[in-house]
Amino acid sequence: MNRGDLSKKEPIHPDMTVLDIVVGFKETLDVFKEYDKKVGECICCNALFLPLRELADKYNLSLEKLLYKLNAAIN
C-alpha cells in the first residue's frame, strides 16, 4: 500500500496528530501503549504533536498497521 492509498476514508488518518487521536478517541490509548513497548518510550509523552505519518517514520513503524490498529480500536 502506498501513501496515496492511505486516504482520509477512515476516521483516523495519517495526517492526524497523536494528540488529535487520543483526545477524539480515548480507546486508542491502549494501542499507543502497546507501541510504547515496541519503540522503547512513551509515544504520548515524546511524540504527542507528531502526525501519524511522521511518527511511523521516526520510529520505523508500519503506518498501515498502526492505522489499522487505531481504527480497529474505535470500531
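Numbers at a glance
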| quantity | calculated |
| --- | --- |
| Cβ-defined net charge surrounding Phe32, 13 Å radius [Lys, Arg +1; Asp, Glu -1] | -1 |
| Reciprocal of mean inverse Cα separation for the chain (Kirkwood radius, Å) | 12.1 |
| Order of Lys69, Lys38 - criterion: other Cβ atoms within 10 Å of each residue's Cβ, fewest first | Lys38, Lys69 |
| Which of Tyr68, Tyr35 has the fewest Cβ neighbours within 10 Å, and the rest in rising order | Tyr68, Tyr35 |
| Cysteines in the chain that, by Cβ-Cβ distance, have no pairing candidate under 4.7 Å | Cys44 |
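All of the numbers you see were taken from the coordinates with simple rules; none came from a lab. Note that the structure is predicted; figures quoted are calculated from it, not measured. Cβ coordinates were reconstructed from backbone atoms using ideal geometry, including for glycine residues, and neighbour counts include every protein chain displayed.
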